[in-house]
Structures are given as structure tokens and as C-alpha cells.
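Data first, discussion second: the structure below is written as C-alpha cells.
The values are calculated or read from the model by the stated rules, or taken from the named source; none is laboratory data. Not measured: the values here are computed from a predicted model. Reconstructed Cβ throughout: ideal geometry from the backbone, glycine too, with neighbour counts over all protein chains shown. SASA here: full protein model, heavy atoms, side chains in, ligands and nucleic acids out. Shrake-Rupley method; radii C 1.70, N 1.55, O 1.52, S 1.80 Å.
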Amino acid sequence: MKWTQQLERKLGRFALPHLTLGIIAVQVITFLAGVSNPDLVLGLSLDTQLVRDGEWWRVLTFMMVPPSGSPIWVIVAWYVLYITGAGLENAIGTPRYNLYWLIGYVASVGLAFTVPGTYVSNGFLITSVFLAFALLYPDFQFLLFFILPVAAKWFALISWLGYGFVLIGGTATNSLAGPAMVVAATLNFFLFFGAEVARKLKRGHNHMRRQRDAIAAQNEPFHRCSVCGITDISHPHAEFRYNPEENVTVCYC
């Protein structure tokens, strides 16, 4: 989009290279500090009511919260974040990658204050990075349980289905918190890659239409009796002949 390109030019000189490593580094520090002080993470999470009460730092520090409290799973999460973040930054460039994070961050915080009860986690932002990576590198394989190779596109499909479930569930229960967070988590994705998604959907639709036409052409009979309507497909052993009648060639079986 044009306005994102303008923002990119204006903020480009402030862009931080290797932003993913920086985010992981502060989360590692938080994780290690939380081992000796478990209440530390609670003091960093984004609680809009506490922010209104004066704890303004939570607007920033929630990005420092580790994605998991388990040593094994947090390492896996950091590894996936590094792979996808570095790959996305390499694909779109450092300024656009910084802007991608910034838009997702502002949208998440903004909706947290706009829609009461919205739970904001940096996990939504991390997922938006993964979704963009999976769009650009759909066949990149991750090892599920360190054994089974699974393409990124299938993990992305599961994420989209989860978002769809949250949207439907929130709409059915008249709860805006879940849908609001889904919107915030995908806003940067669609701003940057919405046109690409539309092109892929259009190509997929055209491919399906060509396949349908090809199948229909294969099933179209070569001979069809003008009297009884049998064809060389319905009656493969039947014999057909053509007679010219009033400047029209008519098929008979």
C-alpha cells in the first residue's frame, strides 16, 4: 500500500536490524529472571486497567514476556520465531519488517484499550510473523516433535482455522474481545500481504476452473444419436453414422 511505503521511507532510518534477535534476547533475560522471581512476569504483562492506574510501563514490557514458562517449549518457540522472523526480514527488508511489527504492536495495544476485556499477548504478534513467513515460504518444513517434517503452510492453516473459530465464537456470544484480538493480530498481515493473498486466491480459482473445464471436455461425447440420444460414452459398442439432411449433418446410431 502507498501509505505503508511512505511510512517505510520516513521511519527507515530508525529501523533496527536483527529485530527478532533483540526481542528474543530481552525475553531470554525475562525468562531467566522469572526463574528466581515468578511474579516478575505478572508485573510486565499488559493489563489495561493497571495501565490506567499508573503502571504505564506495561504497554511496553508485555513484549518482554516469554512465550512459555516451560524451558523446552520456550526454546522451541524462540527457535521458530528466529527462523520465521529472520526469513521474513530477509524477504521484505529491515525497514518493512520493523514497520510490520510496529503496526501489529500499535493495533494490539489500541484494541486492548478500545475493547474492554481484550487479552493482549505478544504471542499474537509472533503468530502474525509466522503467517507472513508461511505465505512467502509455504513449503518450508518444520520438524514436528523433532521427527515429522510438516510444511509451514499446514501450520498456518491451523492458525487461520483457530482465528476463524475465535471470530465465530465471539460473534455467537456477543463477545468482542476475541474477534478484536484476531483483527489486531492479522491487520499488519493483510496490510502488507492482502494483495498477494488475493492474487493467490484468484490463481487458485482460475486453476480449478481450468481443471473443471478439462474434465468436462473429457466427458463430452464425440457421437450422440439425434433420435434416441445415446452416445459413444453411454454405449461404447454402438455404431454411429452421419447423414446430410437439409445442409445439416445428422448423427444416427
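Numerical summary
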read-out: Unmet requirement for Leu44, which otherwise passes all of (1) assigned to a helix (DSSP H, G or I); (2) closer than 24 Å to Met181 by Cα; (3) aliphatic (A, V, I, L, M); value: (1)
read-out: Filtered residues of segment 121-139 (kept if open to solvent by less than 10 Å² (accessible area, probe 1.4 Å) and either more than 11 Å from the chain's Cα centre (by Cα) or charged (D, E, K, R) (or both)); value: Asn122, Leu125
read-out: Residue under evaluation Val51, criteria (1) more than 24 Å from Phe31 (Cβ to Cβ); (2) more than 25 Å from the chain's Cα centre (by Cα); (3) in a helix (DSSP H, G or I), criterion not met; value: (1)
read-out: Enumeration of residues in segment 27-47 that are closer than 14 Å to Ser70 by Cα and in contact (Cβ under 8 Å) with a residue 12 or more places away in the chain; value: Gln27, Val28, Thr30, Phe31, Gly34, Val41
read-out: Listing of helices (runs of 4 or more DSSP H) fully contained in segment 87-202 that carry 3 or more residues being modelled with pLDDT of 85 or more and farther than 25 Å from Met64 by Cβ; value: 122-136, 152-172
